[in-house]
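These notes are about the structure you will find just below.
The values are calculated or read from the model by the stated rules, or taken from the named source; none is laboratory data. Since the structure is predicted, the reported quantities are computational estimates derived from the model, not experimental observations. Every residue, glycine among them, receives a Cβ derived from its backbone with ideal geometry; neighbour counts consider all protein chains shown. Only protein heavy atoms, including side chains, enter the accessible area calculation; ligands, DNA and RNA are left aside. Shrake-Rupley method; radii C 1.70, N 1.55, O 1.52, S 1.80 Å.
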Amino acid sequence: MSRPTIAGVARAAGVSVASVSRVLNGLPATEEMIERVQRAVDELGYVPDARARSLKVGRTFQLTLAVADVGNPVYVTMMRAVEEVVSAAGYRLVVTTTGPDVVDEVALVRGMARGYADGLLISPIRVDEDLVKSIRECEVPVVVAGNVPAKAGVDTVRANSPKGMLLAVDHLVAKGRRRIAFLNGPADTVPGAARSKGFTEAMKAHGLDPIAVAEASDFTFAAGRAAAPAVLGGESRPDAVIAANDLLAVGLMHELAAAGLEVPGDVAVVGMDDSELAEQSFPPLTSVNLGSAERGRRAAELLLARIEDNQRTPRRIVVQPSLSIRRSTP
């Protein structure tokens, strides 16, 4: 049985091939025209030939989202938001992992010249001059969900981590906690550097010195568990810990439980990202919402706009944080 064609749809609907094309491509058409074409499409089981469409308009109708770790809940939230926006515009989203090394990020950006996607949305965990150069020279439009220097010449959407840290410290101080420690991820990363700076500034704003500062090897649950002794093993135990993300925070809480310490009775814990994990942990985790879904939506919208007009002036958007208070703090 032969595959239904656009010409067959036109005959069944009693309209021209051009009219069918207009309807299928979402261009203006009368309600009657749309109804007739859609009825014919349904009756014949017609499926548009994406390859032919791509060749005709010079597009793949695919976009790439590149993140450091697809297993991190914050990236899952971002991915869902991006997919919702781009699919509504007729694009398929391809998700890939760069890992923690900037050389892999650079290789991915340069690989976009192979033409398998019309645009790239990347959330780099580390940034250097090679990455900035590769983004600036990329063959397809690029939007960065994160922070790169303005000289990269691209649209960016980033979180306000310093303000998020201030919200966390303000909350803990208001609850009477003053021996506050910080569990960071690698400080040479974009989020690690921003959150370290924010924590230092927030503590100074309250005239406090941190009781301990530890750097985990990664932003993972296992790394949080491994780094817990560095946070808790000092001469004076903290009465509160802020972790650089929810995975680190939950790893820390597991070690607190293993040591016979109660959360929040003995030690209050605050995470960052406000991912699904924050609600699923025990006790539920107070966490700074850095707007991962909003950042994903805004970045996807910028990428679609950039594809339509690559001469637009780059935009640099900052999404503001909020604090989701749960039972891990008093």
query = Where Lys and Arg each count +1 and Asp and Glu each count -1, what net charge lies around Pro186 among other residues with Cβ under 10 Å from its Cβ?
reply = -2
key: Within the chain, percent of DSSP bridges classed antiparallel, to nearest 5   = 10 percent
note = From the Cα centre of region 292-330 to that of region 156-234, the distance in Å is 22 Å
ask   = If you roll a 1.4 Å probe over region 6-48 with all protein chains in place, what percent of the accessible area is carbon or sulfur?
value = 55 percent
task = Have a look at Ser275, Ser87, Ser16 and tell me which one the Gaussian network model of the chain (Cα, springs below 10 Å) gives the largest fluctuation.
result = Ser16
request  = Determine one quarter of the surface area of the Cα convex hull of region 125-230, which equals its mean projected area, and express it in nm² to one decimal.
outcome  = 8.0 nm²
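Using only C-alpha atoms and all pairs of different ones, pull out the Kirkwood radius for region 257-298 in Å with one decimal.
Numbers: mean 1/r = 0.0868 Å⁻¹.
About 11.5 Å, per the Kirkwood formula over Cα pairs.
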request  = Over the chain, average the accessible area per residue using a 1.4 Å probe and give it in Å², no decimals.
outcome  = 47 Å²
query = Accessible area of Arg315, 1.4 Å probe, to the nearest 10 Å²?
reply = 110 Å²
query = Under 5 Å between amide H atoms, partner at least 5 residues away or on a different chain: which partners does Ile211 have, H built in plane at 1.01 Å?
reply = Ile180, Ala181
ask   = According to the Cα gyration tensor, what semi-axes, each the square root of 5 times an eigenvalue, does the equivalent ellipsoid of the chain have, listed from largest to smallest in whole Å?
value = 47, 21, 16
request  = Please list Ile307, Ile180 in order of solvent-accessible area, largest first, computed with a 1.4 Å probe with all protein chains present.
outcome  = Ile307, Ile180
remark   = Counting Lys and Arg as +1 and Asp and Glu as -1 over every other residue whose Cβ sits under 14 Å from the Cβ of Gly234, the net charge comes to -1
ask   = Just Glu32, Glu84, Glu235 to compare: in a GNM of the chain, with alpha carbon springs under 10 Å, which one fluctuates most?
value = Glu32
query = Ignoring any ligand, DNA or RNA, what whole percent of the accessible area of region 161-290 comes from carbon and sulfur when the probe is 1.4 angstrom?
reply = 51 percent
inquiry  = Could you put His171, His206 in order of accessible surface area, largest first, with the 1.4 Å probe and the full protein assembly present?
reply    = His206, His171
request  = Putting +1 on Lys and Arg Cβ atoms and -1 on Asp and Glu Cβ atoms, find which of Gly111, Val41, Ala216 reaches farthest to the positive end of the dipole of the chain.
outcome  = Val41
message = With a 1.4 Å probe and all protein chains kept in place, how much accessible area does Asp128 have, in Å² rounded to the nearest 10?
response = 60 Å²
Cα-based helix-to-principal-axis angle, 292-308 vs the chain, degrees rounded to 10 = 40 degrees
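Counting Lys +1, Arg +1, Asp -1, Glu -1, what net charge surrounds Ala13 among other residues with beta carbon under 14 Å of its beta carbon? Walk me through the numbers before you get to the answer.
Values: positive: Arg11, Arg22, Arg36, Arg39; negative: Glu31, Glu32, Glu35, Asp42, Glu43.
Here the count lands on -1.
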query = Where q = 0.33 Å⁻¹, what log10 of I(q)/I(0) comes from the Debye formula for region 6-48, counting one point per Cα?
reply = -1.33
